[in-house]
Amino acid sequence: MVFSTLPFVYGFFPLVFVLYFVWNNRVWRNAVLLAASLVFYAWGEPRLLILMLLAAFAAYAGGLLMEHWREDQKRRKIAFIVTVVLLTANLFVFKYLNFAADNLNLLLGGRLSVPAITLPIGISFYTFQILSYVIDLYRGKVAVQRNYFYLLLYVSFFPQLIAGPIVRYQTVEHEIRTRRETLDDAAAGMRRFIQGLAKKVIMANSAAALAETIYAGDPALYGTAMYWVAAVAYTLQIYFDFSGYSDMAIGLGRVFGFHFLENFDHPYVSTSITDFWRRWHISLSTWFRDYIYIPLGGNRVGRGRWMLNILIVWGLTGFWHGAQWNFLLWGLYYAALLVVEKLWLHKLLDRLPKFVGWLYAMFFVTVGWVLFNLTDFNQLLAALNQMFLYRPTDWVAMAAADLSVLYGLFFLPLGLVWMLPMPRKLRLSESDSSGALAVNNLIHLALAGVCIIIIISSKYNPFIYFRF
């Protein structure tokens, strides 16, 4: 089940909302959220629900052992290492084992046989959340959770379960027990949910249809211009899709009294690659920074070791997104860009007009999304060939073959405007007057109506995170 479907909008969420607020008791409200979250996950992964339950239990048991051996550092460290190994091994087996076996067979000419393993939806997200609890507990940043069901609620909470953001335990540690729900929070959360839903069904799905049509079509028909259009369309699709889901997750969390951290900060206004990664998927980039990059030494080591740290972190970042070589290539692509930028380009970029920095950043980000999007290397090379070796576009034949491409072009200017920060004068905040707030609510209700019409009238609703 995903947020941008009628079963969720008209069935699941209203039912959970009513059952939740019927109770005026924290224990029962948490029980409603936990039961709803397990049903939400089981809706798409009924057989693999047990895997998430066991992963949460491994963290729970490991946490209790670390707490029990608080004064025995050797045993405490062993409990920590074993827990981390179990969790990462679980992720490896279900996400990367088939990939590793296939490549070993290719490299060594062997016949290593591994049964086809179904990739559990959201396994990368919930594994990283569980690891954040285990690591922060070992570091003494959070208290041990002695109630398994509270820890399971943190792991399985349906707003952020399958598409993020990666919520750290320390962010919601106290809210699990002591949060306070208010009408203002619920209203603000619903407005945020509607904003994310609009990003997804209005913009992301339209951009996705345009990009997929071009990549699936005849390259000779579309030529260089339309392959750049496809690259821009996917650039918009992944932003509006991912940030839209983050908005919906943050909004739903707020309805139930949880306050998640922001996951996107208008990344497409970045003026450097470094700036882009401060703004894009913040929960993932800070996770790798705090749990991998800094423990490796970060930038406090010699230049050679620092470059190796960058390489390791971005190689892992690429593979986190999927068990395909193009994701590793994408990660190493950013590693190279960041090294070059930090060693040489940053001083030049600081002296140049910001518009030049923006063009530089968006050019490499857009090319990077082509590497990310196309998992088939033959298709990837063909697309890059089309983009950088000029070929004319047959506009007449293209229009005759598929008018939907021309229709899809309408959404690109809309997306390019929508991705920008809204001017301060046009923003409506929660502190505005009651009249402005009423207008704000009416605008969001109208936007919700448009989204519902689109959901009902269209069966095209790609889910981009199935491989994460």
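Given the criterion within 20 Å of GLU212 (Cα to Cα) and in contact (Cβ under 8 Å) with a residue 60 or more places away in the chain, identify the matching residue among TRP358, TRP395, TRP369. Quick ask: steps written out before the conclusion?
Values: TRP358 fails: within 20 Å of GLU212 (Cα to Cα); TRP395 fails: in contact (Cβ under 8 Å) with a residue 60 or more places away in the chain.
Of the residues listed, the single one that is within 20 Å of GLU212 (Cα to Cα) and in contact (Cβ under 8 Å) with a residue 60 or more places away in the chain is TRP369.
Scanning the stretch 320-341 for residues that are outside any helix (DSSP H, G or I), open to solvent by less than 30 Å² (accessible area, probe 1.4 Å) and not hydrophobic (A, V, I, L, M, F, W, C) yields a single hit, GLY322.
Selection of helices (runs of 4 or more DSSP H) fully inside the stretch 378-468 by the criterion of at least 2 residues being at pLDDT below 85 returns 395-401, 403-409, 434-457. Check the stretch 286-299 and report whether any residue there is of a type in the set (S, T, N, Q), surrounded by fewer than 19 Cβ atoms within 10 Å (Cβ to Cβ) and under 30 Å from ARG191 (Cα atoms). Scanning the stretch 286-299 turns up at least one residue that is of a type in the set (S, T, N, Q), surrounded by fewer than 19 Cβ atoms within 10 Å (Cβ to Cβ) and under 30 Å from ARG191 (Cα atoms).
Give all pairs with beta carbons closer than 6 Å in which a residue from the stretch 216-238 that is farther than 11 Å from MET398 by Cβ meets a residue that is among the hydroxyl-bearing types (Ser, Thr, Tyr) and outside any helix (DSSP H, G or I); count only pairs at least 6 apart in sequence or on separate chains. Close Cβ pairs (under 6 Å, with a partner that is among the hydroxyl-bearing types (Ser, Thr, Tyr) and outside any helix (DSSP H, G or I)) amount to THR224/TYR390. Return yes when TRP344 is more than 25 Å from the chain's Cα centre (by Cα), farther than 28 Å from LEU91 by Cβ and in a helix (DSSP H, G or I) and no when it is not. For TRP344, the condition - more than 25 Å from the chain's Cα centre (by Cα), farther than 28 Å from LEU91 by Cβ and in a helix (DSSP H, G or I) - is met.
Among the residues of the stretch 209-217, is there at least one that is among the small types (Gly, Ala, Ser), crowded, with 22+ Cβ neighbours inside 10 Å and under 28 Å from TYR407 (Cβ atoms)? Scanning the stretch 209-217, I find at least one residue that is among the small types (Gly, Ala, Ser), crowded, with 22+ Cβ neighbours inside 10 Å and under 28 Å from TYR407 (Cβ atoms), so the answer is yes. TYR150 passes every criterion in (1) open to solvent by less than 20 Å² (accessible area, probe 1.4 Å); (2) modelled with pLDDT of 95 or more; (3) not polar (S, T, N, Q) apart from (1).
Here PHE242 fulfils each of the conditions (1) surrounded by fewer than 22 Cβ atoms within 10 Å (Cβ to Cβ); (2) within 27 Å of ASN378 (Cα to Cα); (3) of a type in the set (A, V, I, L, M, F, W, C) apart from (1).
Taking the conditions (1) modelled with pLDDT of 95 or more; (2) open to solvent by less than 10 Å² (accessible area, probe 1.4 Å) in turn, VAL85 satisfies each one other than (2). Cβ-Cβ distances below 7 Å connect the following pairs, each with a first residue in the stretch 257-283 that is part of a loop (DSSP other than H, G, I, E, B), a second residue that is among the basic types (Lys, Arg), and a separation of six or more residues or different chains: GLY257/ARG179; GLY257/ARG180; PHE258/ARG179; PHE264/ARG279; ASP265/ARG279; HIS266/ARG279; SER270/ARG279; THR271/LYS354.
The values are calculated or read from the model by the stated rules, or taken from the named source; none is laboratory data. In this text the structure is predicted, and so the values were computed from the model without any measurement. Every residue, glycine among them, receives a Cβ derived from its backbone with ideal geometry; neighbour counts consider all protein chains shown. Protein only, heavy atoms only, side chains kept; ligands, DNA and RNA dropped before computing areas. Shrake-Rupley method; radii C 1.70, N 1.55, O 1.52, S 1.80 Å.
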